[in-house]
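Inspection log for the structure reproduced underneath, given as structure tokens.
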Number of protein chains: 2
Amino acid sequence: MPSPSPLARLDLRDFIGAVPDFPKRGVLFRDITPLLASPEAFAQAIDQLAEQVRGKQVGRIVAAEARGFLLAAPLALKLRVPLVPIRKPGKLPGRTVSHSYHLEYGTDTLEMLADAVPSGARILVVDDLLATGGTVDACCRMVEEAGGVVVGCAFLIELVGLGGADKLAPRDVIRLIQYEE
Amino acid sequence: MPSPSPLARLDLRDFIGAVPDFPKRGVLFRDITPLLASPEAFAQAIDQLAEQVRGKQVGRIVAAEARGFLLAAPLALKLRVPLVPIRKPGKLPGRTVSHSYHLEYGTDTLEMLADAVPSGARILVVDDLLATGGTVDACCRMVEEAGGVVVGCAFLIELVGLGGADKLAPRDVIRLIQYEE
């Protein structure tokens, strides 16, 4: 018998953990560490994201720390486009723009280098998981205020019930895996 | 005239910025965002790191958030080995181990999933920049306490004058670029 093809398409759901009551009671945490621990699944996730955005003429990828970097760096290399990191305040040197957004308790702020997105640049925003969409919406707003065009927001996982895709609308949302919540 | 070969070796130093007085007066900050913005330079950095660790039989890559992820994710995919993320406290689900270490002011703590490093696993620890070595030393200690073997600590940049390689000794240090400080 021939061995299974190394190109066999994996079901990426098999590489997402579900941890009850994390980070707090009543929350089912979707855990990507099993996917990171499987080079085959991780590579297929990047390949599938690249396939899904083909035709969008992505010019740059924008991603917020920290987990966003895990997908955005390989995807930027695969698509051969620049990677623009978005960080917590005080981490990026030089002139920055920032955006604050509401969390369940309080607010959070993200920063981007002021010259990272040229006017008219076609931007793909990447993160691991779409929940309420606050982080990626903040990224999109910084991109758009800089004159960039968000051609899509790409995620490994979408928690459909939390309304993130509505928050990001009318921007195009790409996801590889959906869970109700 | 033929155009330059796309495989021409770039000088990665050309893609590292130097920002004076960041994050505080008197510090010259080495900025990797120009490298991230050049897919060619970024890809060559990953290729060169992969070359440098060939022969070490790396079994897994361990990297701390956030900038460490930018190099570690593509390198793990290139080497086809699992990637183990190390994070600030409270971010990883399930049973974790932690290590606290001294900063210039106060202490910092990092966490790793308790079962992420099997006994005897051959581990490459990856980060973007080696300064005093505190973060990567903490990563190494967690790996070693779990029974893993650190076969090397790989960096894009080493600030030689800050003594990080001494702190990490006798572990092997790999770096692509050195600056005095």
Which net charge results when you count Lys and Arg as +1 and Asp and Glu as -1 among the other residues whose beta-carbon is under 15 Å from that of A:D128? +1
Seen from all sides and averaged, what is the projected area of the convex hull of the Cα atoms in segment B:56-179, in nm²? 7.2
From the label point of B:R9, set 7 Å from Cα along Cα→Cβ, how far away are the matching label points in the other copies, in nm, ordered shortest to longest? 4.1
Mind checking which of B:P74, B:A165, B:G133 is farthest towards the positive end of segment B:66-175's charge dipole, using Cβ charges of +1 (Lys, Arg) and -1 (Asp, Glu) about the Cα centre? B:P74
For segment B:114-120, 3J(HN,Hα) per residue [Karplus equation, 6.51 cos²θ - 1.76 cosθ + 1.60, θ = phi - 60°, Hz, x = Gly/Pro]: 4, 9, 6, 10, x, 4, x
Considering only DSSP beta bridges where both residues belong to segment B:1-99, give the percentage that are antiparallel (nearest 5). 50
Each residue of A:70-79 has, on average, a number of other protein chain C-beta atoms within 10 Å of its C-beta equal to 6
HN-Hα couplings for segment A:70-85 via Karplus (6.51, -1.76, 1.60; θ = phi - 60°), in whole Hz with x for Gly/Pro, come out as 5, 8, 5, 5, x, 5, 4, 5, 5, 7, 6, 10, x, 10, 10, x
What is the sum of charges, Lys and Arg at +1 and Asp and Glu at -1, for the other residues whose Cβ falls under 11 Å from the Cβ of B:G17? 0
Report, for B:D21, each distance to the same residue's label point in the other copies, shortest first and in nm; define the point 7 Å along Cα→Cβ. 5.3
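What accessible area, summed over both chains, is buried at the A-B interface (1.4 Å probe, Å², nearest 100)?
Rounded to the nearest hundred, the buried surface is 2700 Å².
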How far apart are the A:R141 label points across copies, placing each 7 Å from Cα toward Cβ, in nm, shortest first? 4.0
Rounded to the nearest 5, what is the percent of antiparallel bridges among the DSSP beta bridges in segment A:56-179? 25
Select from segment A:14-57 all residues whose loss of accessible area on going from the chain by itself to the full protein assembly reaches 40 Å² or more (probe 1.4 Å). A:F22, A:T33, A:L36, A:P39, A:F42
For A:A72, the net charge from surrounding residues (Cβ-Cβ under 12 Å; K, R +1; D, E -1) works out to 0
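For the protein assembly as shown, what is the percent of antiparallel DSSP beta bridges, rounded to the nearest 5? Intermediate values should be presented prior to the final figure.
Numbers: 24 of 68 bridges.
Percentage antiparallel, nearest 5: 35.
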Note, segment A:51-66: 3J(HN,Hα) by Karplus (6.51, -1.76, 1.60, θ = phi - 60°), whole Hz, Gly/Pro = x, goes 4, 5, 9, 4, x, 8, 6, 5, x, 7, 10, 10, 8, 8, 5, 9
Shielding of A:111-119 by partner chains, average beta-carbon count, 10 Å: 1
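The values are calculated or read from the model by the stated rules, or taken from the named source; none is laboratory data. These numbers come from a predicted model, not from an experiment. Virtual Cβ from ideal backbone geometry, glycine too; neighbours counted across all protein chains shown. Note: accessible area is taken over every heavy atom of the protein model, side chains too, but ligands, DNA and RNA are not part of it. Shrake-Rupley method; radii C 1.70, N 1.55, O 1.52, S 1.80 Å.
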